[in-house]
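Here the structure comes first, spelled out in structure tokens, and everything after it is commentary.
The values are calculated or read from the model by the stated rules, or taken from the named source; none is laboratory data. For clarity, every value in this text was computed on a predicted model and none was experimentally measured. Cβ placement follows ideal geometry from the backbone for every residue including glycine, while neighbour counts extend to all protein chains displayed.
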Amino acid sequence: MPKQHFTHVETWVFDLDNTLYPPRARLFDQIEVRMTQFVMDALKVNRGEADRLRKKYWAEHGTTLAGLMRVHGVDPGPYLTHVHDISLDHLEADVDLNSHIRSLPGRKIVYTNGTAPYAQRVVEKRGLGGAFDAIYGVEHAGFHPKPDRAAFDAVFALDGVRTDRAAMFEDDPRNLAEPHAMGMRTVHVAEAPHKADHIHHHTDDLTGFLARLI
């Protein structure tokens, strides 16, 4: 049982997209379309080249935005406003998830590579309003993205997280490497497991996993 591995945890850190809601909601499909359109408009390239650059920058820099900022000097503000202007109609409230998060001992926070206002919208639509003590976005990390160590350092310093007494829940396995190195308990939330030394646990059902910890 995983419960014994979390008895020391005082801060529970949750990623947002495809972690606090299931991938079948396909919100990121909408975001990717808007990312591609922004790249087309900002760099004056066609859709195929914009898609190539979007994927290249995600792979090389952690997020498309980080690549656009580092390579092209793009202002993050308009980009973040544009890409997160999406419909949340496919999200459903999860009463059990709300209850389980609230029942965890200690502090609960959301940390996303999206923006905090977008995260707040998603949290509310999922019926998780009031379950978290704080919500942090990429703006709180000085626009450094996960998986960069600087991003985690900035957000965890801001919140006062003791990483040796914290756990991280995340769908992207890349984003668990630094938390693991910082002494956190790591949980990969995804349909398919990813075997790596920096991943302690895997689940395809966050609600069910948390139910076993309380």
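The numbered conditions (1) over 20 Å from Ala211 (Cβ atoms); (2) in contact with a Ser or Thr (Cβ under 7 Å, 6 or more places away or on another chain); (3) surrounded by fewer than 18 Cβ atoms within 10 Å (Cβ to Cβ); (4) not aromatic (Phe, Trp, Tyr) are all true for Ala119 except (3).
The condition of being crowded, with 18+ Cβ neighbours inside 10 Å and either under 30 Å from Ala50 (Cα atoms) or not hydroxyl-bearing (Ser, Thr, Tyr) (or both) holds for Val155.
So, in the range 1-47, of the ones that are in a helix (DSSP H, G or I) and in contact with a Ser or Thr (Cβ under 7 Å, 6 or more places away or on another chain), which residue ends up surrounded by the fewest Cβ atoms within 10 Å (Cβ to Cβ)? By that ranking, first place goes to Arg47.
Counting residues that are within 20 Å of Asp171 (Cβ to Cβ) and out of contact with any Phe, Trp or Tyr (no Cβ under 9 Å at 6 or more places or on another chain), which helices (runs of 4 or more DSSP H) fully inside the range 70-132 reach at least 2? Don't jump to the end; show me each part of the working.
Details: elements: 76-83, 95-103, 116-125.
Qualifying helices (runs of 4 or more DSSP H): 95-103, 116-125.
Total residues in the range 78-119 satisfying the condition of being of a type in the set (Gly, Ala, Ser), within 28 Å of Thr63 (Cα to Cα) and in contact (Cβ under 8 Å) with a residue 60 or more places away in the chain: the figure is 2.
Yes/no matrix, rows are residues, columns are (1) at pLDDT 95 or above; (2) assigned by TED's automatic domain parsing to the domain that holds Phe143; (3) under 19 Å from Pro145 (Cβ atoms):
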| position | (1), (2), (3) |
| --- | --- |
| Phe14 | yes, yes, yes |
| Glu32 | no, no, yes |
| Lys44 | yes, no, no |
| Leu97 | yes, yes, no |
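Apart from one condition, His84 fits all of (1) surrounded by 16 or more Cβ atoms within 10 Å (Cβ to Cβ); (2) within 22 Å of Ala166 (Cα to Cα); (3) not hydrophobic (A, V, I, L, M, F, W, C); the exception is (2).
Any idea which residue in the range 191-208 is surrounded by the most Cβ atoms within 10 Å (Cβ to Cβ), counting only those that are among the hydrophobic types (A, V, I, L, M, F, W, C) and either more than 17 Å from the chain's Cα centre (by Cα) or part of a loop (DSSP other than H, G, I, E, B) (or both)? This residue is Ile199. If the condition is being part of a loop (DSSP other than H, G, I, E, B) and without any contact (Cβ under 8 Å) to a residue 60 or more places away in the chain, then the range 171-190 contributes Met182, Gly183. Residue selection: Ala167 fails the criterion of being without any contact (Cβ under 8 Å) to a residue 12 or more places away in the chain and either surrounded by fewer than 20 Cβ atoms within 10 Å (Cβ to Cβ) or not in a loop (DSSP other than H, G, I, E, B) (or both).
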